[in-house]
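Peer 1: Please read through the structure below; I'll follow up with questions.
The values are calculated or read from the model by the stated rules, or taken from the named source; none is laboratory data. Computed from a predicted structure; not experimentally measured. Cβ placement follows ideal geometry from the backbone for every residue including glycine, while neighbour counts extend to all protein chains displayed. Heads up: the accessible areas ignore ligands, DNA and RNA and are worked out on the full protein's heavy atoms, side chains in. Shrake-Rupley method; radii C 1.70, N 1.55, O 1.52, S 1.80 Å.
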Amino acid sequence: MFTRQFGNPGPVLVRALLFAALAGLMAAGCDLPKQGRLHDISGHLPNLQFSLKSDTGQAVTNFTYRGYVVFLFFGFTHCHDECPTAMSRLAALLPHLGDKAKDVRILFVTLNPDRDTPEILHRYATTFDPVHAIGLTGNEDEIEGLVKRYRIAYRPGKSDSDDIVHSVAVYVFDPEGRARLLIRPEDSNEAVANAVLPLLNSAG
């Protein structure tokens, strides 16, 4: 399992650090949004870039999803609360996008590649959406490199049965692979749809 990003703090401190990491990203140049608007992270995170394995066992890269608006979320399949809540919410968002939903891909990157095999990831992702949701995995170096690239704060469990404390933000990339938006749990589906639709309209 990965090295801890923050040493070995307790759960309360870890959650505080997750909040601080998210706040730091917003303070790094992102203006605070008006009520009902998402955080614009354009220019504050690198473009989408990875080389991983999909939940069907195929080698995939960021270019595999060029032309799609990508929702990128990091989690693990035996997560009790945050991951199923986030994935359910993203699936429920798609009807708000109308026929443009066909140009969306939800990429679920596992933080526990030792446990989350492609087969397990496939069953998990397709439970929420069999068309748009795709599980991604890789070796520990590949996953940790992606975690660092997008400043994902998390703390691995001490054993395979322990929860992984992790960020619950969803990153949105436009069809050219540029980081554009940050979706937080408190953002409404209406606000997300209103922010994402212009990105979808720019596709093609």
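Peer 1: Suppose we filter ALA91, ALA101 for residues that are in contact with an Asp or Glu (Cβ under 7 Å, 6 or more places away or on another chain) and of a type in the set (Gly, Ala, Ser); which single one remains?
Peer 2: On the way: ALA101 fails: in contact with an Asp or Glu (Cβ under 7 Å, 6 or more places away or on another chain).
Sole residue among the options that is in contact with an Asp or Glu (Cβ under 7 Å, 6 or more places away or on another chain) and of a type in the set (Gly, Ala, Ser): ALA91.
Peer 1: Then there is this: How many of the residues making up segment 66-88 are at pLDDT 95 or above and surrounded by fewer than 18 Cβ atoms within 10 Å (Cβ to Cβ)?
Peer 2: 3
Peer 1: Give the residues of segment 74-95 that are within 18 Å of GLU119 (Cα to Cα) and assigned to a helix (DSSP H, G or I), sorted by residue number. Working first, answer last.
Peer 2: Applying the first criterion (within 18 Å of GLU119 (Cα to Cα)) to segment 74-95 yields 74-79, 83-84, 87.
Answer for segment 74-95, where residues must be within 18 Å of GLU119 (Cα to Cα) and assigned to a helix (DSSP H, G or I): CYS83, PRO84, MET87.
Peer 1: Under 8 Å between Cβ atoms, at least 6 apart or on separate chains: pull out the pairs that start in segment 171-184 with a residue that is farther than 15 Å from ASN201 by Cβ and open to solvent by less than 10 Å² (accessible area, probe 1.4 Å) and end on any residue that is among the hydroxyl-bearing types (Ser, Thr, Tyr) and part of a strand (DSSP E or B).
Peer 2: Pairs found: ALA179/TYR171; LEU182/TYR171; ILE183/TYR171.
Peer 1: Any idea which of THR110, THR137 is at pLDDT below 95, crowded, with 21+ Cβ neighbours inside 10 Å and either within 20 Å of VAL70 (Cβ to Cβ) or more than 16 Å from the chain's Cα centre (by Cα) (or both)? Let's see the steps before the verdict.
Peer 2: Details: THR137 fails: at pLDDT below 95.
When all the criteria are applied, what remains is THR110.
Peer 1: THR126 is checked against (1) modelled with pLDDT of 95 or more; (2) closer than 21 Å to ALA179 by Cβ and fails just one. What number does that condition carry?
Peer 2: Here THR126 clears every test but (2).
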